[in-house]
Amino acid sequence: MSGGAAGVPKPLPSSGPKSLREMPHPLATSSSEEMGPALTPSPDLLLPRSIADKDLSLPNGTPVDASSPASSSSLLNRLQLDDDLDGETKDLFVTVDDPKKHVCTMETYITYRVTTKTTRAEFDLPEYSVRRRYQDFDWLRNKLEESQPTHLIPPLPEKFVVKGVVDRFSEEFVETRRKALDKFLKRITDHPVLSFNEHFNVFLTAKDLNAHKKQGMALLSKMGESVKYVTGGYKLRSRPLEFAAIGEYLDTFSLKLGTIDRIAQRIIKEQLEYLVELREYGPIYSTWGGLEVELSEPLEGVSACVGNCCTALEELSEDMSDDFLPVLREYILYSESMKNVLKKRDQVQAEYEAKLEAVALKKEDRPKVPTDVEKCQDRVECFNADLKADMERWQNNKRQDFRQLLMGMADKNIQYYEKVIEEDQRV
């Protein structure tokens with residue numbers, strides 16, 4: 001990528017049995033007989049088609065001109081404007097910043113400032129500022145999973161493993177984690193259900209979070225308890241086709257992202273190795289120019305050209321490490337989170353099927369459906385509705401995130417090669 005090797009680039013190898021283009025969209029129905037009541041998913045949720053056929057409207061309905069923009073920056077500006085317009089209707093804003101290192105006798109850790117501004121009635125004050133460490137974010141996510149089992153909970157960045165980073169107290173690691181934690185809270189803030197969760201309120205406002213952590217199971221909702229204690233004694237006969245399609249899509253999607261992640265890391269590694277060679281290569285021309293006065297000017301020009309190309313390549317590698325890879329990893333973790341919700345949904349459906357079968361086996365002409373069976377059916381319907389709504393919201397976010405990511409990376413690669421060409425022309 002950075003070595004300027006000629007030739008047509010090879011396509012990425014397939015990581016699964018099917019390509020994403022061949023995968024049916026998880027919310028698309030095949031037939032009313034197989035799928036039950038027809039679903040009406042947003043057209044934007046269909047899997048990749050040709051660009052000419054694609055609806056390029058933004059998640060909030062704002063249309064995007066399908067014609068090619070003058071540059072990818074113009075599209076990014078429109079996306080940013082869309083975010084600004086959305087902000088006018090929001091009533092809860094949360095940011096994570098100001099990381100600080102704490103050195104104690106028993107441990108060393110980092111805390112982050114979490115600032116909240118809101119006009120919601122359930123908050124006593126319009127603004128809060130608290131400090132939280134990673135394990136506090138982990139506590140929040142666990143509580144959300146327990147109390148909102150039917151919903152997709154955004155993933156946290158990995159606690160210990162961040163590829164390419166060794167020192168977890170380095171500025172680079174801390175900043176990468178800060179961005180991920182900030183995005184985690186913003187995902188929750190934008191969710192119409194999770195943002196009103198009582199544990200989220202406590203996380204944002206409580207000065208002493210440890211007191212709330214000790215309450216344990218006391219704050220779990222009945223829905224959370226009912227799902228948490230579903231055992232493996234119930235076996236699901238078959239997952240409904242629409243949810244089987246979601247599971248298959250998530251498997252293929254995470255495999256593809258995993259392949260891209262590995263290749264991107266390999267590219268960055270090769271770029272860094274190439275940088276080492278370039279940094280040794282450039283000064284040789286400067287030394288040579290000192291030995292031959294009549295050639296000193298062009299040789300110094302070559303040395304300066306190589307040095308400036310080093311700087312440009314270093315910036316490109318940093319952009320890939322800081323901006324590109326974290327998004328890939330977040331969505332890989334997001335896929336795993338969605339799979340976990342699917343498993344919970346399957347458990348509740350299996351329980352419902354088992355209880356319904358037990359009622360049918362009774363030797364009554366018209367057996368009455370027990371209340372516990374009706375409640376179990378309600379939980380299944382709740383899971384189905386919440387899961388489909390969260391899947392649609394996730395698809396909208398994914399489409400916008402990857403559009404910004406890929407357009408941004410295209411811009412940065414163009415800028416890199418423009419700098420290289422400009423330096424070559426100066427020599």
Open item on the list: Using Stokes-Einstein with the Kirkwood hydrodynamic radius over Cα pairs, what translational diffusion coefficient do you get for the stretch 342-427 at 25 °C and a viscosity of 0.890 mPa s, in µm²/s rounded to a whole number?
Closed with: 138
TODO: State the extension gain, in nm to one decimal, for the chain segment bounded by K213 and N413, taking 0.36 nm per residue of separation less the distance between their alpha-carbons.
DONE: 67.3 nm
Open item on the list: For a Förster distance of 51 Å, can you work out the FRET efficiency between the beta-carbons of E127 and D251, rounded to the nearest 0.05?
Closed with: 0.75
- [ ] Could you work out the Rg to Rh ratio of the stretch 266-349, with Rh taken as the Kirkwood radius (inverse of the mean 1/r over all Cα pairs)?
- [x] 1.45
- [ ] Determine the gain in length on full extension of the stretch K101-T371; use 0.36 nm per residue of separation and subtract their C-alpha separation, reporting nm with one decimal.
- [x] 91.8 nm
- [ ] Enter the accessible area per residue of the stretch 242-297 (Å², integer; probe 1.4 Å; all protein chains in place).
- [x] 57
Task: Carbon + sulfur, % of accessible area of the stretch 301-427 - ligands and nucleic acids excluded, 1.4 Å - done: 51
Task: Inter-site label distance for E336 and Q135 at 7 Å from Cα along Cβ, in nm - done: 2.1
Task: For K117, net neighbour charge (Lys/Arg +1, Asp/Glu -1) across residues whose Cβ lies under 12 Å away - done: 0
TODO: Quote the convex hull volume per residue of the stretch 90-216, based on C-alpha atoms, as a whole number of Å³.
DONE: 120
TODO: Evaluate the Debye formula for the stretch 238-306 with equal point scatterers sitting on the alpha carbons, no solvent, and hand back log10 of I(q)/I(0) at q = 0.20, 0.23, 0.25 Å⁻¹, in q order, two decimals.
DONE: -0.82, -0.91, -0.97
- [ ] Starting from the Cα-Cα distance between A304 and K235, subtract it from 0.36 nm times their residue separation and give me the gain in nm to one decimal.
- [x] 18.0 nm
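The values are calculated or read from the model by the stated rules, or taken from the named source; none is laboratory data. Since the model is a prediction, treat every value here as computed from it, not as a measurement. Using ideal geometry, Cβ is built from the backbone for each residue, glycine included, and neighbour counts are taken over all protein chains shown. These accessible areas exclude ligands, DNA and RNA; they are computed on the full protein's heavy atoms, side chains included. Shrake-Rupley method; radii C 1.70, N 1.55, O 1.52, S 1.80 Å.
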